[in-house]
Amino acid sequence: MIGTRNVKDFLRTSSIKPILNRIMNSEYPSPGEAYELFKVQGRDIYLLAYIADQVREIQVGPAISYVVNLNLNFTNVCTKNCLFCAYSVSPQSSNGFFEISEDFIAEKIKRSLPHEITEICIQGGIHPHSSFETYLQILRNLRRIKPKIHIHAFSPQEIHHAAQTADLTIQEVLKEFKKAGLDSMPGTAAEILDDEIRRLICPNKIKTAQWLDIIKTAHELTIPTTSTIMFGHIETPNHWIRHLELLKELQQETGGFTEFIPLPFVSKKTLLAQKYSSQLLCMTNLDYLKFYAISRLFLGEVIPNLQTSWVKLGFPLALMTLNAGCNDIGGTLFEENITRSAGGVYGQVVTPSEIQSLISTLGRPFKQRDTLYNYFNNPH
Ligand code: SF4
């Protein structure tokens, strides 16, 4: 990272000086300018990170937020065979699968109780036996066990599956889920919002227009969602920019996104890495910093909360992204199987006090938040 003293020097000789000058005058980079920013290398990346950090300070202030949540992946059985997924097993598989029962969920919740979780996040594979009723029952059970907890559940892919199994519209499904206790949804399954890339990495998943439609319908029913991207595999910067544009446009229309969460592709054990080994982007830590910084500059106050991913990046790099435009470190996640299955090595659990200590190493205040970015009274 660079300090204020170096900035003038770096800026003077930087090829992206005109774009950064415009950004420092509170303007957003155009898609063409974002493309130029994605091309920068070397110390221009540090410059970009520095500017993104300054912009973050102006837009959302110094505090780094976190949520105390419990993540439950209720089954890894899935029919979709996405090439980047090492988490799922096919329904024909005779081993390696799990399906979590209601008792198991209740036990998990009981064990997490000392940490006063405010959110339960629940998602799973697309199990051939899961139906609209299955999802409805999960919501009702959770609501019964924890009447006041925020239920953050089901990806757009699961919503689509629920609608198909009951011959209902997306709107009808979401209305029923909301009645049963659904408070908000993860904006996962977005991957790269481009059908050509989706055809290669997740051919059986919902298409771009379906993802956007499900999210828009949720927002219209006042069900907020997060927004995500899975980046760093076989896509190009043009795909990133189009993805960011689509999210920005939708947010300007509905205002329903709570945050943007870039998720780096964890490749080690995936079919995608084997099949496309020669085309993989192989992003460096500096490339990750650049990605988070440009996300801050491009989305700005339209989606002001930018979340880093300690599960994917590990804490040292996640902390660096918090100096490159991010303002949120995500959740305590008392269980996370998806990244671990793909070869991720950064663990599943962190306690609130560990998160607070880590944030404090940056010399910045921390704030506990709920899923919708309402802040609790914090000592800092
Ligand atoms: Fe199934 Fe989701 Fe894995 Fe795709 S990413 S195979 S939908 S669990």
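The numbers here are math on the coordinates, done by the rules we state, and not lab data. Here the structure is a predicted model, which means the values were calculated and not measured. As a convention, Cβ positions derive from the backbone with ideal geometry for all residues, glycine included, and neighbour counts pool all protein chains shown.
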Starting from 0.36 nm per residue, how many nanometres of slack lie between S30 and K207 once their C-alpha separation is accounted for?
61.1 nm
I'd like the orientation of helix 208-220 relative to the chain: the angle between its Cα long axis and the longest Cα principal axis, in ° from 0 to 90, rounded to 10.
80
Relative contact order (percent, whole number), the chain, Cα cutoff 8 Å, 6+ residue spacing
23
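Can you give the extra length, in nm with one decimal, that the chain gains between E249 and V349 once fully stretched, where that is 0.36 nm per residue apart less the Cα-Cα distance?
On the way: separation 100, 0.36 × 100 = 36.00 nm, distance 3.45 nm.
Gain in length upon complete extension: 32.5 nm.
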Can you work out the FRET efficiency for the pair R143 and S15, with r the C-beta to C-beta distance and R0 = 45 Å, to the nearest 0.05?
0.25
Mean Cβ count within 10 Å, highest first, over the residues of peptides 291-297, 77-83
291-297, 77-83
Förster-model FRET efficiency, 25 Å R0, Q274 and F104, C-beta, rounded to 0.05:
0.15
Multiply the residue gap between Q41 and I58 by 0.36 nm, knock off their C-alpha separation, and tell me the result in nm, one decimal place.
3.6 nm
Report the Cys residues of the chain lacking a disulfide-compatible partner, meaning no second Cys Cβ under 4.7 Å from their Cβ.
C78, C121, C282, C326
Convex hull of the chain built on C-alpha atoms - directionally averaged projected area, nm²:
18.1
Could you tell me the center-to-center distance, by alpha carbons, between segment 217-262 and segment 32-56 in angstrom?
20
By average C-beta atoms within 10 angstrom, highest first, the peptides 274-284, 178-188, 38-48
178-188, 38-48, 274-284
Report, in degrees rounded to the nearest 10, the 0 to 90 angle that the Cα long axis of helix 43-60 makes with the longest principal axis of the chain.
70
Over 31 Å between Cα atoms: which of K17/K205; K207/K269; K146/K269; K275/K312 fall into that group?
K17/K205; K146/K269
Theoretical ellipticity at 222 nm over the chain - DSSP helices of four or more residues, -39500 (n - 2.57) apiece, nearest 500:
-13500 deg cm²/dmol
Between 0 and 90°, nearest 10: helix 237-254 axis offset from the chain longest Cα axis:
70
Which of these, P147, P62, P264, has the largest mean-square fluctuation under a Gaussian network model of the chain (Cα springs below 10 Å)?
P147
Out of S131, S30, S267, a Gaussian network model of the chain with alpha-carbon springs under 10 Å gives the largest mean-square fluctuation to S30
